[in-house]
Amino acid sequence: MGRILLLAALPLLAAAANWPQWRGPSNDGMAVGDAPLKWSDTEHVKWRAEIPGRGHSSPVVWGNRVFVTTAIGAPTMGQGPGGRPPRPDGPPPDGDRPPPPRDGRPPRRPPPGGPRGGLRGGGPPDGPQSEQQWALLCLDRATGKVIWQRTAVKAVPHQGHRPGDGSFANESPVTDGKHVIAYFGSRGIYCYDMDGNPVWKKELGVKFDIFHQYGEGTSPVLDGERLLIKGDHEGESFLMVLNKSTGEQIWRVKREERTSHSVPLVITFEGRKQIITTATNRIRSYDYQTGAVIWECGGLGMNAIPAPVVANGILYAMTGYQEPKLLAIRLGGKGDITGSERVLWSVTRDNSYVPSPLVHDGRLYVVRDGGFLTAYDAASGKPVYQSVRVLAGHTFKASPVGANGKLYLASEQDDVIVVKMGDKPEVLAVNTLKDQVFVASPAIVDGEIFLRGAGALFCIR
């Protein structure tokens with residue numbers, strides 16, 4: 001029996017020593033071990049690798065290999081050289097000026113679309129789109145050199161993406177150390193072995209109709225032998241589970257939902273494995289084996305982007321677009337639990353629009369544009385501190401990651417802010433890599449941080 005338990009634990013231990021998917025080994029944004037505190041363009045950059053094309057998918061790491069996806073093609077409207085949004089000439093209008101800094105640092109110019117960032121300002125690209133090549137790259141973790149690059153598909157996009165901070169490659173790949181899977185939304189799913197040899201591919205037969213052409217971007221989730229794909233859009237939405245080794249469909253259920261970008265979350269509660277999804281109409285828990293709905297809850301706002309998180313039997317689900325809402329739900333319910341005692345607490349202010357929350361050691365952390373950070377007592381919902389500006393004039397699309405009591409906030413304005421986790425929001429460091437836009441979330445493995453910026457991937461050691 002002891003040997004059986006040990007063998008069962010080996011895949012979990014292997015995943016914990018890597019960063020196999022967007023939110024890390026536990027799918028919650030927390031790293032195993034420590035991470036660097038300070039770096040700059042001239043200090044502690046182990047390597048910098050130029051990445052062709054444009055993409056905001058996050059890197060994933062397994063062993064000595066790093067994987068990223070990208071879309072290579074002619075620049076789209078609102079895109080500058082190297083994939084960086086262009087900075088307007090001259091001073092910004094008075095209404096776009098960020099608040100005065102509190103730390104003596106010069107203020108950063110807000111991104112295109114106004115001080116709230118491109119997702120809330122500006123319109124979608126006009127005119128016909130150019131052909132794109134959706135590609136998966138494998139880099140050597142020690143040197144940053146490209147080991148192999150595979151073009152999965154070439155096509156002309158049927159929709160655009162938001163100017164400035166959008167891309168055609170937003171979905172992060174996943175890996176189990178044997179296979180690496182790249183999901184390109186409307187363009188399908190592509191599985192390779194670790195040497196870049198094709199294993200299987202699957203076309204979804206869907207052209208996602210995304211609200212306001214924000215762009216596709218719901219990353220896949222890998223759990224054991226299963227690959228989870230959520231496809232919420234203005235057409236027929238769905239949740240689908242595939243065999244990761246073959247691409248064969250295990251089950252697929254229809255969803256009565258509009259566009260959402262939040263990823264599914266797999267949990268086991270009271271011995272029952274389930275898949276939790278968030279969206280405009282309902283938060284839902286699906287039976288892992290059959291896809292049947294276990295419970296559902298209304299109350300979120302439109303355009304769900306942040307991923308749900310779970311800690312100590314409580315689910316935290318958030319939206320920050322129209323009618324923003326953060327809900328804390330006690331797990332274990334059945335049927336429609338809207339407005340029931342299962343909903344422990346909720347808040348309607350200071351929610352993030354894009355970044356996912358992070359829960360650790362009894363605290364729920366939420367970052368939002370303007371450089372504001374809020375920490376809640378995760379059990380009661382009472383603010384430990386609220387809307388504290390850790391750095392003025394910054395916008396955030398990347399989700400926070402945590403390591404050894406430190407919270408890493410990657411901004412769109414060159415900086416990664418490191419904040420001490422706990423009851424006081426102490427800024428430990430502000431690390432600048434010039435001319436970078438961090439929309440992809442960081443990955444942390446074995447004391448190294450992997451940061452994807454504007455056209456480049458960095459390894460910080």
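Bear in mind these aren't lab numbers, they're just calculated from the coordinates by the rules spelled out. Since we're looking at a predicted model, the values are computed, not measured. When we count neighbours, we look across all protein chains shown, and the Cβ atoms used for this are built from the backbone with ideal geometry, even at glycine.
Annotations for the structure displayed:
- One quarter of the surface of the convex hull around the alpha-carbon atoms of region 342-436 equals 5.9 nm², the direction-averaged projected area.
- The listed peptides 214-224, 260-270, 147-157, 38-48, ordered by packing as a protection proxy, come out as 214-224, 260-270, 147-157, 38-48 (highest mean of other Cβ atoms within 10 Å first).
- In region 294-371, trypsin sites (Lys or Arg not before Pro) in a DSSP loop with at most 15 other beta-carbon atoms within 10 Å: Lys334, Arg349
- With 26 Å as the limit, the listed pairs Lys46/Lys244; Lys154/Lys207; Lys254/Lys334; Lys397/Lys434; Lys38/Lys424 have Lys46/Lys244 beyond it between alpha carbons.
- Among residues other than Thr374 with Cβ under 12 Å from its Cβ, the summed charge is +3 (Lys and Arg +1, Asp and Glu -1).
- Shown here: region 133-278, whose C-alpha atoms stretch 44, 43, 25 Å along the first, second and third principal axes, sorted largest to smallest.
- For Ala443, neighbours were defined as the other residues whose beta-carbon sits under 14 Å from its Cβ, and their charges (Lys and Arg +1, Asp and Glu -1) total +3.
- Charging the Cβ of each Asp and Glu at -1 and of each Lys and Arg at +1, and nothing else, the dipole of region 227-347 about its Cα centre rounds to 240 debye.
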